[in-house]
1. Starting from the Cα of residue 246, step 7 Å along the direction of its Cβ; do the same at residue 184; then give the gap between the two resulting points in nm.
2. Order these peptides, 149-161, 241-253, by their mean beta-carbon neighbour count within 10 angstrom, highest first.
3. Give the lysines whose C-alpha is closer than 19 Å to that of residue 298, dropping any in the same chain fewer than 8 places away, or say none.
4. Using amide H atoms built in the peptide plane, which far-off residues or other-chain residues are under 5 Å from residue 259 H to H?
5. Please list, or write none, the lysines whose alpha carbon is within less than 27 Å of the alpha carbon of residue 213, excluding same-chain residues fewer than 8 places away.
Amino acid sequence: MRYHDSPPSPESASSVSPDRRWFTRRSGLAVGAAVLAPTLLAGWVLVQLTTGAGADDARPPRIVMPAAVPSPTPSSSAAPAAPAAPQAKGPLAGKTVVIDPGHNTGNFKHTSEIDKKVDIGTNRKECDTTGTTTNAGYMEAEFTLDVSRRLRTVLEAKGLKVVLTHEADRAWGPCIDERARIGNEAAADAVVSVHADGVSSGNRGYHIILPAKVKGGAADTAKIVGPSRDLGERIGSNFARTTGSAPANYLGSGTGLVVRDDLGGLNLSTRPKVFIECGNMRDAKDAALLTSPEWRQKAAQGIADGIVGFLGG
Ligand code: ZN
C-alpha cells in the first residue's frame, strides 16, 4: 500500500522528475512575475528558501531561481538553468558530502538482482537488501530518500557540494560496493548512509554505525576509523538535539554508537563514513516520528549540523 502521509511518490506517479513537473507547472507563473516586478521575485525566492520544501510538499525539493528561467515560452523544452548555489566560505569551501539513501523502493520487486553477492573485501555479501517498513507499510527506502533530499537542501544552502548515491532514478540498488565507490570516487569529505531500523516493538531510538578496523581485499578502513568516529559522534549528538530522540535502548549501551565490521558500505569506504539508523520503524512510537515530515526535517537538520561541525564549519 502507499503511504498515509505523503502524496504519490515521484517514482510511482510519473517517469518525469519532480523538479521538471514542478517547473512545468510553475514556469508560466515565474515568467509572468519576471515581467512584473523583480522585487516580488526576491520575496518569492525567500519564501521558497524558508518553507523547508521537501518530498511531501507540492513544492519543489530544490530551488529553481525564477531569474534562471531560460525562455518566455512555458512550453519550451529547454531545461531550467542550475540554481545559483551559495558559495561556501572558510573550512567548508570546496568540500563534498555524499549522502547514501539506504535501500531503494524498487528493491522489493528485484529480489533476484539484489540477492546476488558482491565482494566487500572481507567477505561476499548480498548486493543490497529491501530494507524494512512500518507496520502500516511506509517503506524505509521512502524514508531514507526523503531525509536525504532534505539533508541535501540544508547542506547545499551552506555551499557544500552534495552527491546522492541514487535518487529514484533506477529500478533497484545500487549495490553496496557501488554505494561505497560513489563516495570514494567523489573524494567525499564525509559520507552518510541514511537508514531506519526494523526490530521488535519496544526497541526505540537512534544509533550511528561506525566502521571497524578491517583489512581484506579492497577493504582497508585503517585511515577512516578515527575520522568516522568523530563524524558519527557529531551526528549523533546533533541528531539527539534537533529531534529530541534518545540513543537506542537496545544496543550501543546507551551511547547511540555501534561499531560494525560486516557492512560493505563501510568496509569498502576510503572516506570518513557512517550509517545512521534514525529510529525503529517497527515500534509504534518511533514510527509516528519517522512518518512525520516535520520530524524528518529535524532529523535532516541534526545530521547536517553534525556533518558541518565535522567539516569545521
Ligand atoms: Zn536500512
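Bear in mind these aren't lab numbers, they're just calculated from the coordinates by the rules spelled out. Every value quoted in this text rests on a predicted model; they were computed, and no experiment measured them. Cβ atoms come from the backbone with ideal geometry, glycine included; neighbour counts cover every protein chain shown.
1. It works out to 4.0 nm between the two label points.
2. Order by mean packing, descending: 149-161, 241-253.
3. Result set, ordered by chain and number: 158, 285.
4. 210
5. 95, 116, 117, 125, 223, 273
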